[in-house]
1. Restricting to region 11-41, give me the number of residues that are at pLDDT 95 or above, under 13 Å from G382 (Cβ atoms) and part of a helix (DSSP H, G or I).
2. Report yes if some residue within region 206-229 is in a loop (DSSP other than H, G, I, E, B) and without any contact (Cβ under 8 Å) to a residue 24 or more places away in the chain; otherwise report no.
3. Identify, from the list E102, E52, the residue that is part of a helix (DSSP H, G or I) and modelled with pLDDT of 95 or more.
4. Looking only at region 45-103, which residues are farther than 22 Å from R326 by Cα, hydroxyl-bearing (S, T, Y) and out of contact with any Cys (no Cβ under 8 Å at 6 or more places or on another chain)?
5. Name the pairs: first residue in region 137-162 and free of Cβ contacts under 8 Å to residues at least 24 places away in the same chain and among the aliphatic types (A, V, I, L, M), second residue buried (at least 17 other Cβ atoms within 10 Å of the Cβ) and not in a helix (DSSP H, G or I), Cβ to Cβ under 6 Å, at least 6 apart or on different chains?
6. When only residues in region 145-167 that are in contact with a strand residue (DSSP E or B) (Cβ under 9 Å, 6 or more places away or on another chain) and surrounded by 14 or more Cβ atoms within 10 Å (Cβ to Cβ) count, which is modelled with the lowest pLDDT?
Amino acid sequence: MSQMHAIVIGAGIVGVCSALQLQRKGFRVTLMERDEPGAGASYGNASVLASESVTPISMPGIVRKVPGMLLDPMGPLRIRWSYLPRLAPWLWRFVLAGRKAEAERITADLAKLLDGCIEDFRPLLKAANAENLLVERGWIGAFLSHATLEKSGYATELQERHGVSIKKMTTNELRELEPALSKDIAGGYYYPGVAHVVDSHKLTVRLADSFLSNGGTLLKETAKDLSKDHKGHVCAVRTESAEHSCDKLVIAAGAWSRSLARKAGVVVSLDTERGYHFNINQPSIGLSRPVYVPETGLACTPLDDSIRLAGTVEFGGLEAPPDWKRAEVLASRGRELFPELDTQHGTSWMGFRPSMPDSLPVIGPATPSSNVYLAFGHGHLGLTLAARTGRMISEMACESSVCVDPHPYRSMRF
């Protein structure tokens, strides 16, 4: 593949890993990004490699929760009224994905993607001298109420059925792992197979530097359009200043991928979750592994020199201004979970998470005969599945066997 040129649009963690995996296959690769690598959702995510997250966001009973999404402005999942007309088709598919048969099918497809996904990171981390950024201590699912804990049985049964290692723990057992946890939590689960990184932005930058040091090219330009040859194959990417030829193209532009995919010939049901975080620089507590609260969607992750509170989601598109109260509410939820947590020294952030209604990413060719490959829509699993996605894209670009059957993640599945 040394004579073939691939362009990857998007230098978030998925785009960078795709560029690295193509490079490892022998392609000459150009990474195209209007900003710095890792400046988008890869900068501020929860930094968790959530290999246990085999269940979709939409689960049986989700339809009863939709009114609450509209009425509670500070709920873990909020829909802005003004955005509802545009979101409606996506939301309908989201509700349909929560039917039991669909949820079980999606769980099986997510489990295939997630199986071994951390292992796909290891050669990339080693080559980038970034192995020290990965921490493997598992994570905790801590429940605030006994009632919610009891209702979690179906989801955990699905996880166990698909090979996820789970250990149910009492409040005292969880506090032995993380003494800063509140005595008032109801108990929960420990997932030993989960990992996290101490800085998701630093990881993306380190991997991008590895890509460049191995001969890759970074173009700080914005993809505007695609040029096609007489066979209908994309032969170049047009930016505001030039036209760049290519043999293969990967669209990994996150929340901005939909318009580019349309130019490649496919309409995808992609929308944007606006994710917030609150980063605490002097947290006053120790935390050795991430903790997740299912009732509120709160994820608390220990980073290099801070604790990140993340997990609140809002549907409002790419244009509306941030609602910083949603970041502030993370601080109060953090104090509920960790009574001694000092949230005075915190900073807020908002980013755009590309999401599909069925919680499955789009991985594969835009159309069956296309030389354009799509790699976006990972929702809450962008970091988790970045190396696996890049590997699959590189294998498809080489027209070789693919480590995971890409059919469930095809662009035209709706």
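The values are calculated or read from the model by the stated rules, or taken from the named source; none is laboratory data. Quick caveat: nothing in here was measured; it's all calculated off a predicted structure. In this analysis, Cβ positions are derived from the backbone assuming ideal geometry, glycine residues included, and neighbour counts consider all displayed protein chains.
1. Summing the residues that are at pLDDT 95 or above, under 13 Å from G382 (Cβ atoms) and part of a helix (DSSP H, G or I) in region 11-41 gives 6.
2. As a first pass, look at region 206-229 and keep what is in a loop (DSSP other than H, G, I, E, B): 214-216, 220-222, 229.
Okay, now just the ones that are also without any contact (Cβ under 8 Å) to a residue 24 or more places away in the chain, so 229.
Yes, region 206-229 contains a residue that is in a loop (DSSP other than H, G, I, E, B) and without any contact (Cβ under 8 Å) to a residue 24 or more places away in the chain.
3. Details: E52 fails: part of a helix (DSSP H, G or I).
The unique qualifying residue is E102.
4. Scanning region 45-103 gives S53, T55.
5. none
6. S152
Yes or no, residue by residue, for (1) in contact with a Ser or Thr (Cβ under 8 Å, 6 or more places away or on another chain); (2) over 30 Å from Q3 (Cβ atoms); (3) free of Cβ contacts under 8 Å to residues at least 40 places away in the same chain:
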site: M32; (1), (2), (3): yes, no, no
site: N45; (1), (2), (3): yes, yes, no
site: I57; (1), (2), (3): yes, yes, no
site: P76; (1), (2), (3): yes, yes, no
site: K100; (1), (2), (3): no, yes, no
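Listed here are the residues, each with its yes/no results for (1) farther than 23 Å from P192 by Cβ; (2) crowded, with 18+ Cβ neighbours inside 10 Å.
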site	(1), (2)
K100	yes, no
D109	yes, yes
N132	no, no
F143	no, yes
